[in-house]
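Q: Structure in C-alpha cells, see below.
The values are calculated or read from the model by the stated rules, or taken from the named source; none is laboratory data. Since the structure is predicted, the reported quantities are computational estimates derived from the model, not experimental observations. So basically every Cβ, Gly included, is an ideal-geometry build from the backbone, and we count neighbours across all protein chains shown. These accessible areas exclude ligands, DNA and RNA; they are computed on the full protein's heavy atoms, side chains included. Shrake-Rupley method; radii C 1.70, N 1.55, O 1.52, S 1.80 Å.
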Amino acid sequence: LGNEREQESCLLRALSEAPWLREPWLDYAGFAYDRQDWEGVLFACARALAITDRPCTYISEAACWGPLPWDLLSIACWRLGLRDRARKAVQQALLLAPEDQRLQKNKALMERQD
C-alpha cells in the first residue's frame, strides 16, 4: 500500500522462508521490475527457473510455471544488454505460450535489433 520498504521486507522474508518455491522469487521479480531493477529481475527469475519440481500444493500458482519467468527474464536481459540470452528467454516463453501476441512482438523486435 505504498510502503516500498515494507513491501521489500515482506518479499525478502517470503524468500527466506520458502526459497524452494517459484512464487516468492517471481513476486520479488515483479517488485524489481516495477523499480526497473533489471539485475534484481534477472537474479530472481534465474533462481525461480532453477526450481524444476512443481509442488502439488495450493501455493503453486500456474503463472509461475508458464511463460512469466521467461518473459521477465527476457526483458531484464534485454535491458542489461544481454541480447543473446534475452532472445533465448523469449523463445522459451513462446514455447509455453505460442499464441501470445506481445511475446511474438518482443521476439520480432529482438530479432531486428543488434
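Q: Go through (1) closer than 28 Å to ASN106 by Cα; (2) in a loop (DSSP other than H, G, I, E, B); (3) open to solvent by less than 60 Å² (accessible area, probe 1.4 Å) one by one and return the number of the condition CYS45 breaks.
A: (2)
Q: Shifting gears a bit: Being closer than 21 Å to LEU42 by Cβ, part of a helix (DSSP H, G or I) and either more than 15 Å from the chain's Cα centre (by Cα) or among the acidic types (Asp, Glu) (or both) is the filter here; which residues of the range 57-101 pass it?
A: ASP71, ARG83, ASP84, LEU95 - these are the residues of the range 57-101 that are closer than 21 Å to LEU42 by Cβ, part of a helix (DSSP H, G or I) and either more than 15 Å from the chain's Cα centre (by Cα) or among the acidic types (Asp, Glu) (or both).
Q: What are the pairs with Cβ atoms under 7 angstrom where one residue, in the range 62-91, is free of Cβ contacts under 8 Å to residues at least 24 places away in the same chain and the other, located anywhere, is open to solvent by 10 Å² or more (accessible area, probe 1.4 Å) and of a type in the set (S, T, N, Q)? Sequence gap at least six, or different chains.
A: Pairs found: VAL90/ASN106.
Q: Among the residues of the range 8-23, is there at least one that is open to solvent by less than 50 Å² (accessible area, probe 1.4 Å) and within 17 Å of ASP71 (Cα to Cα)?
A: For the range 8-23, residues open to solvent by less than 50 Å² (accessible area, probe 1.4 Å) and within 17 Å of ASP71 (Cα to Cα): present.
Q: Starting from the range 33-57, take each residue that is farther than 22 Å from GLY81 by Cβ and list its partners that are polar (S, T, N, Q) and modelled with pLDDT under 95, counting only C-beta distances under 9 angstrom and pairs at least six apart or across chains.
A: Partner pairs satisfying both residue conditions: ARG54/SER60.
Q: In the range 73-87, what residues are open to solvent by 20 Å² or more (accessible area, probe 1.4 Å) and of a type outside the set (Asp, Glu)? Please lay out each step first, then the result.
A: Filtering the range 73-87 down to residues open to solvent by 20 Å² or more (accessible area, probe 1.4 Å) leaves 75, 78-85, 87.
Correct list: ILE75, TRP78, ARG79, LEU80, GLY81, LEU82, ARG83, ARG85, ARG87.
Q: Name the residues in the range 1-31 that are more than 15 Å from the chain's Cα centre (by Cα), outside any loop (DSSP other than H, G, I, E, B) and not polar (S, T, N, Q), would you?
A: Answer for the range 1-31, where residues must be more than 15 Å from the chain's Cα centre (by Cα), outside any loop (DSSP other than H, G, I, E, B) and not polar (S, T, N, Q): GLU4, ARG5, GLU6, GLU8, CYS10, LEU12, ARG13, ALA14, GLU17.
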